[in-house]
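Notes follow once the structure below has been shown.
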Amino acid sequence: MKITVKIKRQNSPDSAPFYQTIHRECDKETSVATLIREINAENISDIEGKPVEEISWECSCLQKKCGACAMRINGIPRLACDTKIAELKSKSVTLEPLKKFPVVRDLIVDRSVMRKNLLAIHNWLESEASQSEKNVDLAYDASRCIQCGCCLEVCPNFTAGESFFGAAAFVPASRILSQLPKGKKYDLVKEYGKHIYSGCGKSLSCHNICPVGIDIEHKLSNSNAVAVWKRFFK
Amino acid sequence: MKINIIGAGLAGLSAALTLAENGIKSNLISVQQSERAQSVMAEGGINACLNTMGENDKIEYHYEDTLRGGVYLADPDAVRGLCEAAPGIVKKFASLGVPFEQNENGIIQRNFGGQKKKRTAYVKSSTGKMLMTALIDEVRKYEARGMVTRYPNHSLVRLIVKENRCFGAVVQNTYTKEILSLNGAVILATGGLNGLFEGMTTGTTQNTSDAAAMLFSQGVALSNLEMIQYHPTTIGIQGKRLLISEAARGEGGRLYILRSGKPWYFMEEKYPELKNLMPRDVVSAEMVTVSSLPECDDQVYLDMTGIEKSVWKTRLSDLREQCIHYISLDPAKKPIPVSPGIHYFMGGVWVDKNHRTSVRNLYAAGECACQYHGANRLGGNSLLGAVYGGQAAAKTVMNESKENDIKADRAEENTADVSPAFARKICEILYRSLPIVRNESDMNNALSELKALKNTAENQAEMNRANLALAVVQSAIERRETRGAHKRTDYPERDDDNFKKQTVARLQNGKVEITFKEIGEDLS
Ligand SMILES: Cc1cc2nc3c(=O)[nH]c(=O)nc-3n(C[C@H](O)[C@H](O)[C@H](O)COP(=O)(O)OP(=O)(O)OC[C@H]3O[C@@H](n4cnc5c(N)ncnc54)[C@H](O)[C@@H]3O)c2cc1C
Ligand code: SF4
Ligand code: SF4
Ligand code: FES
């Protein structure tokens, strides 16, 4: 099929962004990742006849296991490697970097704030994990988070650098919280109240966007139970 | 003292954690953050003799299976250390919160290829991701204490080497392009050489092989480069090969081909003991053999339809979803077409059993190093090898490394990348000349093509990649025998007298030289 690809370009964090539009023939089963790779492998021109310089973007696994390739595709945050042209139900494809993070180049954004936030809430175990039948499924599901940032992109309350940290923090935290043995005071519990519980509007926009299908609502309610209502798993 | 670790997958993280637990600081450098490393993609499991399945497993058996699986090319001393440490490693992961499947006897283990006992611990088909999440969180604890400094989005530019001693590494921030020179010993943990076969492997695009190629150009010896693992069950999808984990066969999946119109379970007939779970080199080669028989079709199928519902639910749910998602086939209902694909590099940077390389103060661990797997890796042994290797390298560094402060001379750094077109040409030549079963004339042709291509290199990185590719092909030519993953039509037999030795590749005066050395012996 014939498609029109519109890509938001930006050479550096301080330079002005612009859009570049390309007409292309492609199979409807093509993923956005393949589309970008193909464009990058060829010397092509945009509709104004200007050359399309290599598009900067990040990828790694190409099978929705690493979170590298998250971007806005027709306005929705998704993984490029897991989005087929056919799913977009449109002949025009617009690729833009995630909006909540500073742009590095083209489709690459700097998501380091997500790591900083996990550091800030002390997201680690302070003693040996307590595991039982009750928490294994939760630990598994929460551990699947690929730190892509799609949930933050749609969260009405998240702004990079501010005090509310969103699902990308509470999903990993829910694993640790579920594995903390009862009876001690944990920094994570304290920080959770400050950076998650008090700022979350529970609208759950994050829940449906997660590209790996983590049951975010479940993680939120379980973490709240432990961190706020002190209902430890053991 | 601060140690520089290049690569933040399982091996790099494991090294950083070991150092931090022993009070030593490290810089953890990686092109992308840990969540994007290939280690998160590992599926089927990690091996350790836990003996929880009532099969009377022993560490000795793990050791024997690993050496036999690697067709006696691995260093027995190193493998012994690996197998002895394995149970402790898996238990530590459980204490870090990895939700291994358990029952009242402890961690449940599944069958995996080339092993006579159930010895593979797992979390469904997402074992790598689970280990990584736990390890990332644990290393974060030390990051908060200032013991580990992370440099994500930084790539290796070169090592600082003088008189065969490493004094540090020059790295570049890929976001800001800023160059940084980091002093101190270096542990390399940059993963497999995927980039040589761009688009043809089951792994990440991020492991470009540029780090190993750069080291090679700086005089570091590489070893066993010809040992490239084709995994029997992969499927081509966009931009890569999709792995169907060995867990599929571990849980009862069967390989067959249509022979005169009827399913022939060739592995079961030919190998009555281990059947579909023979080592990967054997299975892949058999698939090539049967599919070239005149009475057979050319497509091999993996039949998982006999697997019980409960197993699909508890152990393989993610594998099933993956098949439905990527190939629109439900493996619980229909056999799926599979073929061998490039999956793992047994060879890499030469290291001794303590993970020292040929350059002092430089160490290597994980898939980038040549340790533990000999001529063929057993499934479940590479997660183990990465974790254990990282620990072992860290321990050696702690014993040997001293503060040193030679700064990088402020030369203009060469940071241009290999162009996609150049990468593709290398891949085409290698893929054509290094199939599962090889022969000298195809490889000789590849050598001439690579030499011609090398003359067109436009920057240092392209030159390095071409030299690395030449080293792989030359190693494969020089090993005139069949062993493990290296199978040849012109030398179909194993030749222990001449080749129970490691291939060593070095770059001397711009030329690739191949020698052989005894296993376990130091490099001269
Ligand atoms: C689909 C799949 C399934 C697998 N399943 C299993 C399994 O079930 N069991 C098993 O034992 N093994 C399995 N493996 C193999 C296993 O995943 C790897 O061998 C192992 O994870 C390697 O770990 P590593 O730390 O050495 O490298 P990686 O995890 O690949 O990490 C490499 C690191 O180096 C960095 N890096 C690379 N190049 C540079 C550079 N130039 N400069 C700076 N940094 C760089 C990367 O950013 C990354 O952080 C599987 C592999 C694949 C692909
Ligand atoms: S529930 Fe709403 S406010 Fe809370 S993290 Fe999700 S999107 Fe943000
Ligand atoms: S919770 Fe889901 S959407 Fe949010 S970072 Fe993790 S994987 Fe991405
Ligand atoms: S490349 Fe890993 S999620 Fe898309």
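The values are calculated or read from the model by the stated rules, or taken from the named source; none is laboratory data. From a predicted model like this one, the values you see are computed outputs, not experimental measurements. Backbone-built Cβ (ideal geometry, glycine too); neighbour counts: all protein chains shown. Protein only, heavy atoms only, side chains kept; ligands, DNA and RNA dropped before computing areas. Shrake-Rupley method; radii C 1.70, N 1.55, O 1.52, S 1.80 Å.
Go through segment B:150-222 and name the trypsin sites (Lys or Arg not before Pro) that are in a DSSP coil and have 15 or fewer other Cβ atoms within 10 Å of their Cβ. Write out the running numbers ahead of the final one.
Values: sites: B:Arg150, B:Arg158, B:Lys162, B:Arg165, B:Lys177; in loops: B:Lys177.
Answer by residue number: B:Lys177.
Calculate the FRET efficiency for B:Tyr326 and A:Glu54 from the Cβ-Cβ distance with a Förster distance of 35 Å, rounded to the nearest 0.05. Computed FRET efficiency for B:Tyr326 and A:Glu54 comes out at 0.80. For the peptide A:134-141, the mean number of other protein chain Cβ atoms found within 10 angstrom of a residue's Cβ is 4.
Counting only protein heavy atoms and using a 1.4 Å probe, what share of the accessible area of chain A belongs to carbon plus sulfur, as a whole percent? That share works out to 50 percent. Averaging the Cα positions of each part gives two centres, and for segment A:12-40 and segment B:137-177 these lie 32 Å apart. When you filter the GluC sites (Glu not before Pro) in segment A:87-175 for DSSP loop state and at most 14 other Cβ atoms inside 10 Å of their Cβ, you are left with A:Glu126, A:Glu128, A:Glu133, A:Glu162.
Please give the per residue accessible area of chain A, computed with a probe of 1.4 Å over protein heavy atoms only, in Å².
Numbers: 9950 Å² over 234 residues.
Heavy-atom SASA per residue in chain A reads 43 Å².
Could you tally the net charge around B:Lys353, taking each other residue with its Cβ under 15 Å from the Cβ of B:Lys353, Lys/Arg +1 and Asp/Glu -1? Local net charge: -4. At a threshold of 20 Å², the residues of segment B:222-254 that become less accessible to a 1.4 Å probe in the full protein assembly than in their chain on its own are B:Gln238, B:Gly239, B:Lys240. Buried on complex formation within segment B:185-213 (loss of at least 10 square angstrom of accessible surface versus the isolated chain, 1.4 Å probe, ligands and nucleic acids ignored): B:Glu198, B:Thr204, B:Thr205.
Between A:Leu119 and A:Asn11, the FRET efficiency from the beta-carbon distance, with R0 = 30 Å, is close to 0.45.
Partner chain Cβ atoms within 10 Å, averaged over the residues of A:51-59 - can you pull that number for me? Working shown, then result.
Details: counts 0, 0, 0, 3, 0, 2, 0, 7, 6.
Average per residue, whole number: 2.
Can you list the trypsin sites (Lys or Arg not before Pro) in segment B:330-382 that are in a DSSP coil and have 12 or fewer other beta carbons within 10 angstrom? Before the final figure, lay out each step's value.
Values: sites: B:Lys333, B:Lys353, B:Arg356, B:Arg360, B:Arg377; in loops: B:Lys333, B:Lys353, B:Arg377.
When the trypsin sites (Lys or Arg not before Pro) of segment B:330-382 are filtered for loop state and at most 12 Cβ neighbours within 10 Å, B:Lys333 remain.
Look at the stretch A:121-128: the mean tally of other chain Cβ atoms within 10 Å of its residues' Cβ atoms is 4. Counting 0.36 nm for each residue step from B:Glu308 to B:Lys517 and taking away their Cα separation leaves a gain of 70.4 nm.
Could you compute the net charge surrounding B:Ser382? Neighbours are other residues with a C-beta less than 13 Å from the C-beta of B:Ser382; K and R count +1, D and E count -1. Working shown, then result.
Values: positive: B:Arg280, B:Arg377; negative: B:Glu43, B:Glu246, B:Glu367.
Charge balance in the 13 Å sphere: -1.
Excluding ligands, DNA and RNA and using a 1.4 Å probe, chains A and B jointly bury around 3900 Å² of accessible surface, summed across both partners. Per-atom-type breakdown for chain B gives carbon and sulfur 46% of the accessible area (1.4 Å probe, protein chains only). Each part gets one Cα centre, and for segment B:488-515 versus segment A:122-188 those centres are 50 Å apart.
On full extension of the chain, what length is gained from B:Ser95 through B:Glu21, given 0.36 nm per residue of separation minus the C-alpha to C-alpha distance?
On the way: separation 74, 0.36 × 74 = 26.64 nm, distance 1.55 nm.
In short, 25.1 nm is gained.
Between B:Glu478 and B:Arg145, the simple label model (points 7 Å from Cα in the Cβ direction) yields a spacing of 4.5 nm.
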